[in-house]
Amino acid sequence: MTIITHATTPFDGQKPGTSGLRKKVRVFAQPGYAENFIQAVFDVVERAPGTTLVIGGDGRFHNRVVIASAIRMAAANGYARVLVGQGGILSTPAASHVIRKYGASGGLILSASHNPAGPDEDFGIKYNIANGGPAPEGVTDAIFARTRTIDRWLEEDAGAIDLDHIGTYRIGAMDVQVIDPVADYADLMESLFDFPAIRAAVDGGLRMIFDAMSAVTGPYGTEILERRLGFPAGTVRNGTPLEDFGGHHPDPNLVHAHELYEAMMAADAPDFGAASDGDGDRNLIIGRGRFITPSDSLAMLAANAHLAPAYAGGLKGIARSMPTSAAADRVAAALGIPSFETPTGWKFFGNLLDAGMVTICGEESAGTGSDHVREKDGLWAVLLWLNILAVRGISVDALAREHWARFGRNYYARHDYEAVDSAAANALIAELTAALPGLAGRSFGPLTVAVADSFTYEDPVDGSVSANQGLRILFEGGSRVVFRLSGTGTEGATLRVYLERYEPADGAIDAETPAMLADLIAAAETLAGISRHTGRTRPDVVT
Ligand code: VG1
Ligand code: CO
């Protein structure tokens, strides 16, 4: 057993964003770049001597290189055991589950999620803590601080690492256990949902498409949907994880999952369509002829969750990120349970879940999940939908209409302006921030501003405060526009503009979304001067 100490100097900019450190592969491939960051993690995170570390990733280009390095470094840094998915594969929710199930002190998840993969694309590293969830801000701040002073990283002098065979071997004083990436997770899903009811519905003709987008969920979808639930072979499409995700953008939205959308709007569409993202934590839900916005999906799942065995006893509470529509709040009110509004990013749900204050959480960006793990979970959402449809025997469209007729409808869209010049994006935010105090009472077309502020979150569990989490313009009557800059991009800045309009149950609940949001889109332009600052007259992506 020989530990090598490599001298190093800090790299600039190793600050984790919304979900870990994300950079271009060529940045990560610089000698020592990934190692500096991983050593900073090992130097600051809470762990007793001799604990277990989980390592896995979404299979993208550069995964195996960094995983081999991380294993040698873990051995040199006093871990007793590493659990690593076969082939280096673990979806983000599966990694969260493995951390919890085996009592690990934490895990490294190698993923840039929905960002494209390949030699010229993106890579990322995220650290999750012992509860299975993303490290909270206090921890990521400490990791970042450490990256600025780091002067050495440690590595066990070991040769090639075999990730392809299930089994245990030793590196220095540490055990490396290569595990089946799918089995534990599939068992967990089977324990939560009414698989016999879903199987019966499949026997009765229920059909679906699951698009794994050539990313990590292929093997999970095939095992659960085709093998355990009996959907016909071919139900899972693009089911083999590829290092470049087949050249696609594994972001499950109407733009990037266009083929699925077309299939679900066709005359011969199956009952249900779904997709997931690069690392398996997001979900897109489309019924035959009916797209469900992620915000609505959260609300509809919460309203019907009691039909799944795991949630039959009811929900403790519902949390949503601030830009997510208020549809879920209405469900919480009807159920007589608390609702919470957190900043963007799953790390803010961890304390609420750990404290037993909420059961279900969601984000407008197609992330939904529950207290079964501490990450959002794409296949979980798909299975809860299937469970509900199977038990109720109705279509997605019928369920949506019934929901809106009871709770009213929150029309919703997000407009993304990608790879905008950073200085221009910062100027837009600075100018709008300065204007906020004077906005209340002003009118923009038919809309009058009720409240305008910059969202600050105080965590109800530990009292920690997170400021500057998005600019909110709330109009009288419940409509709003939110502006924030993405924390996951790797090129320039991405401006996200979130638009929401509420129509009560006796209002226009069967209209087209763009028309319903037209006044808000115009107000957003006047408020923020989007085209003046960015030179863009239309968003790159509308979801
Ligand atoms: C985006 C989404 C956010 C999500 C985050 C990580 O962040 O808006 O809701 O939690 O990605 O998801 P941002 O800062 O770019 O808006 V994933 O699936 O990329 O890990
Ligand atoms: Co993701």
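The values are calculated or read from the model by the stated rules, or taken from the named source; none is laboratory data. Just so we're clear, the structure is a prediction, and the values are computed from it rather than from any experiment. Cβ coordinates were reconstructed from backbone atoms using ideal geometry, including for glycine residues, and neighbour counts include every protein chain displayed. What goes into the accessible areas is simple: the full protein's heavy atoms, side chains included, and nothing from ligands, DNA or RNA. Shrake-Rupley method; radii C 1.70, N 1.55, O 1.52, S 1.80 Å.
Values as computed for the structure displayed
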item: Strands (runs of 3 or more DSSP E) wholly inside the range 446-543 that include at least 2 residues being more than 27 Å from the chain's Cα centre (by Cα) and away from ligand 1 (no atom under 16 Å from the Cβ); result: 447-454
item: Every pair of residues 6+ apart whose Cβ atoms lie under 6 Å, when the first sits in the range 46-67 and is part of a helix (DSSP H, G or I) while the second is open to solvent by less than 10 Å² (accessible area, probe 1.4 Å) and modelled with pLDDT of 95 or more; result: ASN63/GLY57; ASN63/GLY88; ASN63/LEU110; ARG64/GLY88; VAL66/ALA34; VAL66/LEU110; ILE67/ILE55; ILE67/GLY88
item: Which numbered condition PHE210 fails, given (1) in contact (Cβ under 8 Å) with a residue 12 or more places away in the chain; (2) part of a helix (DSSP H, G or I); result: (2)
item: Matching residues in the range 462-475 - criterion: being hydrophobic (A, V, I, L, M, F, W, C) and loosely packed, with under 13 Cβ neighbours inside 10 Å; result: VAL465, ALA467
item: Residue list for the range 490-499, restricted to those being buried (at least 19 other Cβ atoms within 10 Å of the Cβ) and in contact with an Asp or Glu (Cβ under 9 Å, 6 or more places away or on another chain); result: THR490, ALA493, THR494, LEU495, ARG496, VAL497, TYR498
item: ASP251 within 16 Å of ligand 2 (Cβ to nearest atom), charged (D, E, K, R) and modelled with pLDDT under 95; result: yes
item: Subset tally (residues that are open to solvent by less than 40 Å² (accessible area, probe 1.4 Å), closer than 19 Å to TRP385 by Cα and free of Cβ contacts under 8 Å to residues at least 60 places away in the same chain) for the range 227-256; result: 3
item: Residues being away from ligand 2 (no atom under 12 Å from the Cβ) and among the acidic types (Asp, Glu) - total across the range 355-376; result: 2
item: Positions within the range 436-483 being within 29 Å of MET516 (Cβ to Cβ), without any contact (Cβ under 8 Å) to a residue 12 or more places away in the chain and among the aliphatic types (A, V, I, L, M), in sequence order; result: none
item: The range 70-81 residues that are touching a residue at least 24 places away in the same chain (Cβ under 8 Å), paired with ones that are in a helix (DSSP H, G or I) (beta carbon under 7 Å, 6 or more apart); result: ALA70/ILE38; MET73/GLU35; MET73/ILE38; MET73/GLN39; MET73/PHE42; ASN77/PHE42
item: Filter result for the condition that a residue is open to solvent by less than 40 Å² (accessible area, probe 1.4 Å) and farther than 17 Å from GLU418 by Cβ, over ALA522, ALA511, ALA515, ALA528; result: ALA511
item: Per-region count, the range 408-449, residues open to solvent by 50 Å² or more (accessible area, probe 1.4 Å) and hydrophobic (A, V, I, L, M, F, W, C); result: 5
item: Criterion (at pLDDT 95 or above, farther than 27 Å from PRO119 by Cβ and not in a loop (DSSP other than H, G, I, E, B)) met by exactly one of PRO219, PRO232, PRO196; result: PRO196
item: Odd one out for TYR102, checked against (1) more than 26 Å from VAL27 (Cβ to Cβ); (2) crowded, with 19+ Cβ neighbours inside 10 Å; (3) among the hydroxyl-bearing types (Ser, Thr, Tyr); result: (2)
item: Filter result (within 16 Å of ligand 2 (Cβ to nearest atom) and open to solvent by 10 Å² or more (accessible area, probe 1.4 Å)) within the range 336-345; result: THR344
item: Residue count for the range 279-306, restricted to those that are within 16 Å of ligand 2 (Cβ to nearest atom) and part of a loop (DSSP other than H, G, I, E, B); result: 3
item: Of all residues in the range 55-90 being in contact with a Phe, Trp or Tyr (Cβ under 8 Å, 6 or more places away or on another chain) and more than 16 Å from ligand 2 (Cβ to nearest atom), the one that is most open to solvent (accessible area, probe 1.4 Å); result: PHE61
item: Count of residues meeting criterion [of a type outside the set (Asp, Glu), open to solvent by 10 Å² or more (accessible area, probe 1.4 Å) and away from ligand 1 (no atom under 13 Å from the Cβ)] in the range 354-373; result: 4
item: The range 94-118, subset within 16 Å of ligand 2 (Cβ to nearest atom) and among the polar types (S, T, N, Q), residue farthest from SER191 (Cα to Cα); result: ASN115
item: Filter result (more than 14 Å from ligand 2 (Cβ to nearest atom) and of a type in the set (Ser, Thr, Tyr)) within the range 254-278; result: TYR261
